[in-house]
Amino acid sequence: MEVGERGIGSATVVLTLTLAMLLMMISSVSSTRYIVGGNMGWTTNVNYTVWAKGKHFYLDDWLFFVYDRNMMNILEVNKTAYDQCIETHPLHNWTTGAGRDVVPLNVTRRYYFISGKGFCYGGMKLSVEVEKLPPPPSSPLNEKSKSSPSLSSYRGRIVLPAVFAIAVVWDSFLRFWYY
């Protein structure tokens, strides 16, 4: 009897941890990582205004800068410094020296990035507006869906993590009852 109670208690712990992990996975699925400049990266001869045009940058998305670490850098600046390519006193220097740096877009506002060392004058500058993620679209077929989004609108964000969570729970169940 004691062994069975331990198995059930352990299964509850595993289920709780699995559900917590599932919730973290669902929240992280909605963010997007953009490689700045696409396959060209953060370099000269790329029009970053054109690259950013048509893209929607949402809260908790990421900008991934890939560049020549020996020559370029990533400076977050204000609008004046962006317009005039002023690299002194940046708001933040995102350069880590690896040539592969990630910038979290964790505030809804306009961000301005330049590369110093004269590269800004050659066009290495990027401005993006970060906005809140819009609510899922409502279904015109069902009036009830206007007040609460349907499960189908979340299907792409839930299916894979849910399958993973079910597999973990099933594996745990089998381990506790057969071993």
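Numerical summary
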item: Which numbered condition Ile86 fails, given (1) within 15 Å of Gly123 (Cα to Cα); (2) open to solvent by 50 Å² or more (accessible area, probe 1.4 Å); (3) part of a strand (DSSP E or B); result: (3)
item: Any hit, segment 12-27, residues being under 20 Å from the mean Cα position of the chain (by Cα), open to solvent by less than 50 Å² (accessible area, probe 1.4 Å), at pLDDT 95 or above and of a type outside the set (Val, Ile, Thr); result: no
item: Any chance Asn47 is over 23 Å from Val130 (Cα atoms), at pLDDT 90 or above, open to solvent by 50 Å² or more (accessible area, probe 1.4 Å) and out of contact with any Lys or Arg (no Cβ under 6 Å at 6 or more places or on another chain); result: no
item: Test: residue in segment 130-151 that is outside any loop (DSSP other than H, G, I, E, B), under 30 Å from Gly37 (Cα atoms) and modelled with pLDDT of 70 or more; result: yes
item: Scan of segment 68-89 for residues that are without any contact (Cβ under 8 Å) to a residue 24 or more places away in the chain and closer than 21 Å to Thr49 by Cβ, ordered by number; result: Thr80, Asp83, Gln84, Ile86
item: Inter-residue pairs, beta-carbon under 6 Å, first closer than 23 Å to Asn106 by Cβ and in segment 38-62, second part of a loop (DSSP other than H, G, I, E, B) and open to solvent by 60 Å² or more (accessible area, probe 1.4 Å), 6+ apart; result: Tyr58/Leu133; Leu59/Thr108; Leu59/Lys132
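The values are calculated or read from the model by the stated rules, or taken from the named source; none is laboratory data. What you see is a predicted model; the values in this text were computed from it and never measured. Because the Cβ atoms are built from the backbone with ideal geometry, glycine has one as well, and the counts that use them run over all protein chains shown. Accessible surface is based on the protein model in full, side chains and every heavy atom, while ligands, DNA and RNA are left aside. Shrake-Rupley method; radii C 1.70, N 1.55, O 1.52, S 1.80 Å.
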